[in-house]
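Here is the structure we will look at, set down as structure tokens.
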Amino acid sequence: MTIIRVIDFETSGTEPPAEVCEVGTCDLHLGQRLIEAPQSWLCCVKEMPPEVRAVHHISLAECEPWQPFDAGMIFNRTNEAAAYAAHNAEFEMQFLPALPAPMICTYKAALRVWPGAPSHSNGALRYWLEDQGKISPDHALTQPAHRAGPDAYVTAHILLALFDAGATGREMVAWTKEPRLLPKCPIGAEWRGKPWAEVDTGFLRWMTNQATMEADLKWNAQRELGRRAGAGA
């Protein structure tokens, strides 16, 4: 029985030393195509800035009675996971020790499998796939949004849809280790929103030479330059 444990964190900030204030998990039993009801619990944190609380609406007082975050509560289960998954997994991995199994980023996988999706956010993918009849989550279990349990449950449905679309676990693990493969160029007054194949070569070279350019953007620009070189363009 292959179990992929989907995880989602709500936190007191965008990166450590911020802390995890809520954990959500949702097990996908791949062979049975079974998605369990999500589990979630709060974690004690030292502070809760208002701009962060405005996203998930978790108060410091709510967290105070709980124990601090312990990754063992995710990993040490009766049902052992063959892999873990999260949407934009780089965020969750900031707060985790070394993983006991491979990680799948459903965000990076969705960019590759559905490059034409209107958005690759967790919520937008949920409704886009639902409108096509590819997933049918229990709406009650998807609420409230921006809470760890419901978000993990939505991600589990996206993950199952990725498998249904033909992506393999091995492929998705490999994609997770690479930068985001963006379907379109996200910068430049003239080139923003255009497929990489339509972006000027000079602009792509300029991107790769900028010391402050985001690493994922440089990688996409270099990838397109490599494609053109291989094609003799």
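Computed from the coordinates by the stated procedures, all read-outs in this text should not be read as laboratory data. Computed from a predicted model, the values in this text were never measured in an experiment. Cβ atoms come from the backbone with ideal geometry, glycine included; neighbour counts cover every protein chain shown.
Summary of values
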| quantity | calculated |
| --- | --- |
| Those lysines that a straight Cα-Cα span of less than 20 Å connects to LYS184, excepting residues fewer than 8 apart in one chain | LYS108, LYS194, LYS218 |
| Burial ordering of MET103, MET73, MET1, MET207, fewest other beta-carbon atoms within 10 Å first | MET1, MET73, MET103, MET207 |
| Inter-part distance where region 10-29 and region 189-233 are each reduced to a Cα centre, Å | 34 |
| Trypsin sites (Lys or Arg not before Pro) within region 1-85: DSSP coil, no more than 16 neighbouring Cβ in 10 Å | ARG33, LYS46, ARG77 |
| Between helix 215-231 and the chain: long-axis angle, C-alpha atoms, 0 to 90°, nearest 10 | 40 |
| Footprinting exposure proxy for TRP206, TRP196 (fewest neighbouring C-beta atoms within 10 Å first) | TRP206, TRP196 |
| Most mobile of GLU22, GLU130, GLU214 in a GNM of the chain (Cα contacts under 10 Å) | GLU214 |
| Cα-projected label distance for ALA189 with PHE91, points at 7 Å along beta-carbon direction, nm | 3.3 |
| Residue order, fewest to most surrounding Cβ atoms within 10 angstrom, among SER121, SER40 | SER121, SER40 |
| Student exercise, region 85-212 dipole from Lys, Arg, Asp, Glu Cβ charges, in Debye to nearest 20 | 240 |
| Net charge dipole size for region 1-82 [Lys, Arg +1 and Asp, Glu -1 on Cβ; Debye, nearest 20] | 280 |
| In order through region 24-41: 3J(HN,Hα) via Karplus (6.51 cos²θ - 1.76 cosθ + 1.60), integer Hz, x for Gly, Pro | x, 9, 8, 8, 9, 8, 5, x, 8, 6, 10, 10, 6, 5, x, 10, 8, 7 |
| Relative contact order [Cα under 8 Å, 6+ residues apart], region 62-213, whole percent | 20 |
